[in-house]
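Reviewing the structure listed below.
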Amino acid sequence: MTWSTFNISSRHKQSIKHEFGDKFLNVATSGKSIATWHDNDLLIFLTSHLVSSINAGEKTSPRIFFTGYEFFNFAKRGHVGGTRYTQIWDTLVRLHETSIHTNIDLANGDRLESRWNWLPEIHRKTTRTGKAIGFEVLLADPVYRAINQSTPQVLTLDDRYFDFRSGFDKFLYMFARRSAGHDREWLVTEKLLHERSGSTLPITQWRKLLVDTIEAGELADYKIKKAMIGREKAVAFERSKYAAKKVHKATITIE
């Protein structure tokens, strides 16, 4: 099941710690805040770029150049203006400052203790007059290796993922996509889902976010509803019969 490696809320500076058996994953920052689920949109963009290049038989590199227009068009963010480029840079800074400490090898799931940042290098390119040209980043080696192997460790996503305006909804969808996959229905207790979200909110407050999503009824190609597992409150994710066919966005998850 997916362990959240991103902050659900942009208003909180928080670290995230996950442990299960002999496996662990810790997320921290050297800056103001760890990267959010909205920041993850940029990692999805970079992952999808690499997957497309691999599928086309092109040579790839962990060093990637992109323009603001390319990213915002991909993530359905609308018009690209001056402040938008600043937003991209702020996202890159958070991804650069967010560190991962884990003993899980992303490429094959073996035990391999390592520490790394999502983007070890970030660069903002402008003309001499200050006009924005684009951005160049270096993708973390564990992530690049997990993508650039014979069987890439990636998931495809429904395009409607980028319609979510809530980081909480993005987490829930990613959890469903990683855990339920193509199963018709998947049940998980609220307690476990709360733990996997990495949220520091008490479960009573966290449940209010969950209720808002459940009342909306669906998350792209998954329906979500209340359920019970024995005497424990649970959530049921049901894959829609009418799931969109266009699922070319790709992402990488840990566990």
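I'm checking my understanding of the structure. Among residues of the stretch 158-189 that are assigned to a strand (DSSP E or B) and modelled with pLDDT of 90 or more, which one is least open to solvent (accessible area, probe 1.4 Å)? Reasoning before the result, please.
First, the residues of the stretch 158-189 that are assigned to a strand (DSSP E or B): 185-189.
When the remaining residues are screened for being modelled with pLDDT of 90 or more, the result is 187-189.
On the way: LEU187: 72, VAL188: 3, THR189: 25 Å².
Residue satisfying both the conditions and the ranking: VAL188.
Condition (residue is hydroxyl-bearing (Ser, Thr, Tyr), outside any strand (DSSP E or B) and surrounded by fewer than 19 Cβ atoms within 10 Å (Cβ to Cβ)) applied to the stretch 140-157: is it met by at least one residue?
Within the stretch 140-157, one or more residues are hydroxyl-bearing (Ser, Thr, Tyr), outside any strand (DSSP E or B) and surrounded by fewer than 19 Cβ atoms within 10 Å (Cβ to Cβ).
As an exercise: evaluate LEU119 against (1) in contact (Cβ under 8 Å) with a residue 60 or more places away in the chain; (2) in a loop (DSSP other than H, G, I, E, B); (3) open to solvent by less than 40 Å² (accessible area, probe 1.4 Å) and give the number of the one condition it does not meet.
So the condition that LEU119 fails would be (1).
When you go through (1) in a strand (DSSP E or B); (2) open to solvent by 80 Å² or more (accessible area, probe 1.4 Å) one by one for ASN108, which number turns out not to apply?
Failed condition: (1).
Going through the stretch 190-205 one residue at a time, which ones are assigned to a loop (DSSP other than H, G, I, E, B) and open to solvent by less than 90 Å² (accessible area, probe 1.4 Å)?
Filtering the stretch 190-205 for residues assigned to a loop (DSSP other than H, G, I, E, B) gives 198-202.
Within the stretch 190-205, GLY198, SER199, LEU201, PRO202 meet the criteria.
The values are calculated or read from the model by the stated rules, or taken from the named source; none is laboratory data. Nothing here was measured: the structure is a model prediction, and the numbers come from that model. Cβ sites come from the backbone with ideal geometry, for glycine too, and all protein chains shown count toward neighbours. Quick note on the areas: whole protein, heavy atoms, side chains included, nothing else; ligands and nucleic acids left out. Shrake-Rupley method; radii C 1.70, N 1.55, O 1.52, S 1.80 Å.
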